[in-house]
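Every number in this text was worked out from the coordinates using simple rules, so none of it is lab data. None of the values given here were measured: they were computed from a predicted structure. As a convention, Cβ positions derive from the backbone with ideal geometry for all residues, glycine included, and neighbour counts pool all protein chains shown.
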Amino acid sequence: MSAPDEIEMQLLGLLIRQPQRLSQSRLSDSLFSKDGSAIFLEAKNLWAAGKSVSGALLAASDALDESAKRLTVAITSRDAPEISFDDAVSILEKRRSRRQLAKICRQAHDDINNPKIDPSSVINDLHCKVTDLVISGTSGTRKSGADFRNLNAKIEWQGKNPGKIFGIETGFPRLDRAINGLQNKKFYIIGARPSVGKTSFSGCIAYSTFKTSPDATVIDYTIEMDADEIRENMASRVSGVTIGTYRGSQYSESEIAQISRAQRQIKGWRWIIYDDISDIGDIEASAFAERASLGPDAPIIIKIDYLQLVTGGNGDTPTSQFADISRRCKSLAKRLNAPVVALAQLRRLESQFDFAQKRTHHRPPVLEDLRDCGSFEQDADAVFLLDRDILHNPREAKLIIAKQRSGITHPGIPFEFHKETTTFIEQPIA
C-alpha cells in the first residue's frame, strides 16, 4: 500500500483515541502504508513504554519523518472516526490478503514459465503458500520473543483445570500424564518392529480421540494398508467382535448387531482416510487443504503410516530423502498447528538366540534401531518405541518413551494386546 486511504486513516484515528487497542494481536504494521506503519509502530512503542499516546506527541516524535508527521496532524484534526475498530481491521486485512495473493501468483507465473523448474513443484508450492495465507492471514513468521500470551493462557488453563490433560488425550492415562496429551505443533514418532502392532496402537489413539474429543478430526494417511482394512480394524475395536483375517466362522445375530452399532458410532466421527497418497508433497497439499476447510482453530491429528513408505523426499540418497521427509513432517505440524503422529519401522532385530539355553531371547528396541532412518529421531519432539515379544509373550506389550524434548522419558508403560480386536489396553499401576 503506497499511500494511506480513508479506512487506514480512520483506524489510526481510533488507535490514537483508544491506545489500549494497540496491544490487540490482530494489529500489525503490515496493515498500513509506509507512513501509516511508522505512526502505528511509534504509537505502539509509546504505549508499551507506559507513555500517553496523542497526536501532539506523535507529530513531535523524532522517529517519524516529515511525511508521517503531516499525516498524523491530518488524522488528529479530523472528527471522531465513524467506522468501528473491527470493521476497519477486517477491511485492511482483506486488502493485505489480496496484495499477498497477487504477489504469490506473480511468483508462480514467473516460475511456471521457467523451463528449469518442474511444474508440479510450482503447483505444490503455490498450494502451500495460498493455504498458509488462508490459515494465518499473514505473510511472515516474525514473532516477538517477549510475547508470552500462549504460555500464560496455558498456565491459566491448567490452573482452572487441575489434573486435566492439556493436549488431545491418547486414551492411555499413564501415557497422557507423561506427555500431557498430544500437543499442537509437535511431531511424534511411534516406532516398532514388523508385526508388533504400531498401526493398531495408533488406531487405539484415534479411537480414544473420537471418544474424548468429539470435535477433533483425525486425518489418516495409510500407505501400508487400504481404507477397508483400517475401517475393519476400527469396527472390530469399537464393537469388540473379531473381524477380518482372524475370523473363520459365521457371525451371530448379536455380533452383527454389535457391528452395526459400531458402524453407526464411527459414522459420527470426523475421520478422513487417504490410502492412495504416498508422496510427501501430496500429503502436505491435502493436509493444508483439510486444515483450510476445517478452520485455523479446529483440533486435528495427522497420522502417517508409515514413514519409510513415504516418497518424494529431496536428496540423492535414501538417507537424505528420509531426512527431508522428516523435516517436512515437523514443519507440517508447526504450520498446521496440529500434532503429527508418524509410524516408523524399526530394524529387524526381534530376538537373539541363546545357544547355551537353546532358546531365543527377546531384545527390547532402542533409539539406535531408528537412527538408520535419517533424522527421524532428531526432528521428532517425542519418540515412542512399542515393544512386544511376539514369539514368547505376544499378549504383553510396553511403550517406551525413548525421547521427549520437553518432558520425561519412561522405560516402558505396560499394555495388554488383544489380537482378536487389535486393541491395546494400558495396564493399571500395580
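Is it possible to state the helix-based mean residue ellipticity at 222 nm for the chain, with each DSSP H run of 4+ residues giving -39500 (n - 2.57), the sum divided by total residues, to the nearest 500 deg cm²/dmol? What is it?
For the chain, the value works out to -14000 deg cm²/dmol.
Which residue, 408, 343, 392, has the largest displacement toward the positive end of the dipole of region 168-426 when charges sit on each Cβ (Lys, Arg +1; Asp, Glu -1)?
Positive-most Cα among the choices belongs to 408.
Could you give the nm distance between label points at residue 34 and residue 263, where each point is 7 Å from its Cα heading toward the beta carbon?
With each label placed 7 Å out from Cα toward Cβ, I get 6.7 nm.
Relative to the longest principal axis of the chain, what angle (0 to 90°, nearest 10) does the C-alpha long axis of helix 85-112 take?
Helix 85-112 sits roughly 70 degrees off the main axis of the chain.
Hey, got the dipole for the chain? About the Cα centre, +1 on K and R Cβ, -1 on D and E Cβ, debye to the nearest 20?
1020
By count of other Cβ within 10 Å, fewest leading, how are 422, 319 ordered?
Listed from fewest to most nearby Cβ atoms, that is 319, 422.
When 94, 398 are ordered from fewest to most other Cβ atoms inside 10 Å of their Cβ, what list results?
Lowest count first: 94, 398.
So which aspartates and glutamates pass the test for residue 198, namely a Cα distance under 12 Å, with those fewer than 8 places away in the same chain ruled out?
224, 305, 387
Percent relative contact order of region 151-268, based on C-alpha pairs within less than 8 angstrom and at least six residues apart?
Contact order relative to length: 17 percent.
For each pair in 330/403; 94/129; 160/334; 186/303, compute the distance between the two Cα atoms and list the pairs where it is over 20 Å.
Correct reply: 160/334.
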